[in-house]
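Structure first, commentary second.
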Amino acid sequence: MTDHLNPLQSLKEGHWFKLICGASFQHLPAVRSLTLAYTLAGADCIDVAADLAVIAAVREAIQVAVELAQDAQARGFGKKGKLPFLMVSLNDGEDPHFRKAKFNSTECPSNCHRPCEKICPAQAIKFSNKPELFSGVISQKCYGCGRCIPICPYEKIYTSSYVIKPEAIAPLILSTGVDAIEIHTQIGRLTEFQRLWQAISPWVEQLQLVAISCPDGEGMIDYLHTLYDAIATHKITLIWQTDGRPMSGDIGDGTTTAAVKLGQKVLAANLPGYVQLAGGTNSHTVAKLKAMGLLRNGGQGGQGGQGRISPVSPMSPPSPPISGVAYGSYARVLLSPILEELEAREVNDTSVKTTVRLEDEPELLWQAVGLAHSLVSQLKSQQ
């Protein structure tokens, strides 16, 4: 179903755009709408939770995008014949991307002004004055940013983390035909990484690419080299994702600095593969990369096979320096007015309880695609 040529070409040419729906984000209507809008806007990859229901929602949205592609192109969006890769995120241990906020609302003092509800970017915290209605964290909407934890004046909020068991989830997810995986790891977890990789390895050859995300810290570059050695027997396209300041892109323009700084650090390490920014990326990221000369101007393709690791002769780092950018919290918040309007229309339709689909609301659909395109086009203008 996926056109595999164009996303890899974007990676080689340095204008790769990835949408991060969230490794813990399982709100199916929002995932579906985000996928549809960003696919029509020209995204190269959709990164989602390793959840069968989420994967099904993404596949459905991509199919709808195929049906709407001609209309989108007539409006100046997307590119003919292009579909994004479907990527799922896995973890080899505890990681902030794989957690949910929790609290018992009955323990909240009645006079609390509820700052957690106001600060939540996913509208995942809800309070109701009616005891029969739900109050607390809507688990499907929470993607683990953690902003609610320090702001609670009574320290009632905690997190519940989970680790995807490779022996259970890897065969199930990879057998669905996903195009790519991302592995979240941390310095010092080589044994855990190898255990996960061993479970995944029977399916690696059917993947289009593998991304590895590791936060910065002492010994990070040595650890990344060790990871490369552990997987170099497989011929795969490899992305090093530099998560500078995870889940912070919607906070302000300064958050992108950490992502760029970490990207430069990984580039300097001369690791085989492509380098892609994440963690704090937003509308200021591409401008910053351009100002620093870290993006290629123009659309000439890279050399064939760059970024693909080989057990015989590892390739040198590809050009351009930064091959792409992934957007998570900022990309979601950018479309939040549309998602909220869709949800409001669903609630207001009391006659029949049905989900309002984005494609059934043309005015909202093309507003959403326009917003998505305003972000995607910053990278695609490099073509």
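Taking every protein chain into account, the 1.4 Å probe leaves residue 213 with about 0 Å² of accessible area, to the nearest ten. In a simple Cβ point-charge model (Lys, Arg +1; Asp, Glu -1; nothing else charged), the stretch 167-251 has a dipole of about 160 debye relative to its Cα centre.
Tell me the GluC sites (Glu not before Pro) within the stretch 100-171 that lie in a loop according to DSSP and have at most 15 other beta-carbon atoms within 10 Å.
Working: sites: 107, 117, 132, 155, 167; in loops: 132, 155.
Taking the stretch 100-171 and a limit of 15 other Cβ atoms within 10 Å, the loop GluC sites (Glu not before Pro) found are 132, 155.
For the chain, the longest principal axis of the Cα atoms and the long axis of helix 256-268 meet at an angle of about 20 degrees. The angle between the Cα long axis of helix 362-380 and the longest principal axis of the Cα atoms of the chain comes to about 30 degrees, rounded to the nearest 10. Taken per residue, the accessible surface of the chain reaches 42 Å², heavy atoms only and a 1.4 Å probe. Cross-link partners of residue 79 among aspartates and glutamates, defined as those whose alpha carbon lies under 18 angstrom from its own and excluding same-chain residues fewer than eight positions apart: 3, 13, 44, 67, 71. Can you tell me how the stretch 69-185 classifies by the Cα gyration tensor, rounded, prolate or oblate, using a/c under 1.5 as the rounded cut? Taking the square roots of the gyration eigenvalues as a ≥ b ≥ c, the stretch 69-185 is oblate. With pairing defined as another cysteine C-beta under 4.7 Å, the cysteines of the chain that fail it are 21, 45, 108, 112, 120, 142, 145, 152, 214.
Net charge near residue 357: determine it from the other residues with C-beta under 11 Å of the C-beta of residue 357, scoring Lys and Arg +1 and Asp and Glu -1. Don't skip to the answer; put the middle values down first.
On the way: positive: 32, 345; negative: 60, 346, 359, 360, 361.
So the surrounding residues net to -3.
Note on the chain: with a GNM built from Cα contacts shorter than 10 Å, the maximum mean-square fluctuation among 355, 237, 185 falls on 355. Computed from these coordinates, which is percent of Cα pairs over 35 Å apart: [x] 26; [y] 35; [z] 23? Given [x] 26; [y] 35; [z] 23, the calculated one carries the label [z]. Result for the chain in a Gaussian network model with C-alpha springs under 10 Å: among 278, 291, 53, the largest mean-square fluctuation is at 291. If you sort 27, 113, 15 by accessible surface, 1.4 Å probe, largest first, the order is 113, 27, 15. For the set 126, 12, solvent exposure ranked by accessible area (probe 1.4 Å, protein chains only) runs largest to smallest as 126, 12. Quick one: angle between helix 28-41 and the longest Cα principal axis of the chain, in degrees between 0 and 90, rounded to 10, please. The helix 28-41 is inclined about 50 degrees to the chain. When a 1.4 Å probe is rolled over the protein heavy atoms, the share of accessible surface on the stretch 98-175 that falls to carbon and sulfur comes to 53 percent. Given their separation in residues at 0.36 nm each and the Cα-Cα distance between them, residue 206 and residue 381 gain 59.9 nm when the chain is fully extended.
Please give the calculated 222 nm ellipticity per residue for the chain, where each DSSP H segment of at least 4 residues contributes -39500 (n - 2.57) and the sum is spread over every residue; nearest 500 deg cm²/dmol?
It lands at -11500 deg cm²/dmol.
What is the sum of charges around residue 230, taking Lys and Arg as +1, Asp and Glu as -1, for the other residues whose C-beta is under 14 Å from the C-beta of residue 230? Mind showing how you got there, number by number?
Values: positive: 189, 195; negative: 92, 192, 222, 229.
Its environment carries a net charge of -2.
If you average the alpha carbon positions of the stretch 8-54 and of the stretch 117-138, how far apart do those two centres end up, in angstrom? So the separation of the two Cα centres works out to 26 Å. Each label point was placed 7 Å from the Cα along the Cα-to-Cβ direction; for residue 291 and residue 52 their separation is 4.9 nm. The distance between label points at residue 110 and residue 176 comes to 4.5 nm (points 7 Å beyond Cα on the Cα→Cβ vector). Distance between the 7 Å Cα→Cβ label points at residue 265 and residue 167: 3.5 nm. Multiplying the residue separation of residue 198 and residue 66 by 0.36 nm and subtracting their alpha-carbon distance yields 44.0 nm.
What shape does the stretch 1-72 take by its C-alpha gyration tensor, where a ≥ b ≥ c are the square roots of the eigenvalues and a/c under 1.5 counts as rounded, a/b above b/c as prolate, and the rest as oblate?
Values: a/c = 1.98, a/b = 1.31, b/c = 1.51.
Oblate shape, in that a/c is at least 1.5 and b/c is the bigger or equal ratio.
For residue 156, the lysines whose Cα falls under 25 Å of its own Cα, not counting residues fewer than eight places away in the same chain, are 100, 102, 118, 126, 130, 141. Residues in the stretch 208-213 carry Karplus couplings, in order, of 7, 6, 10, 10, 10, 10 Hz; the curve used is 6.51 cos²θ - 1.76 cosθ + 1.60 with θ = phi - 60°, and Gly or Pro positions show x.
Using the crude model of +1 on Lys and Arg Cβ and -1 on Asp and Glu Cβ, and no other charge, please compute the dipole size for the chain relative to its Cα centre, in debye to 20.
Details: 34 positive and 36 negative charges, 111 e Å.
Once rounded to the nearest 20, the dipole reads 540 debye.
What's the local net charge at residue 18, with K and R +1, D and E -1, over the other residues with C-beta under 10 Å away? Walk me through the numbers before you get to the answer.
Working: positive: none; negative: 44, 47, 182.
Within the 10 Å Cβ shell, the charges total -3.
The values are calculated or read from the model by the stated rules, or taken from the named source; none is laboratory data. Keep in mind the model is a prediction, meaning the values are calculated, not measured. Glycine gets a Cβ as well: all are built from the backbone with ideal geometry, and neighbour counts include every protein chain shown. Accessible surface is based on the protein model in full, side chains and every heavy atom, while ligands, DNA and RNA are left aside. Shrake-Rupley method; radii C 1.70, N 1.55, O 1.52, S 1.80 Å.
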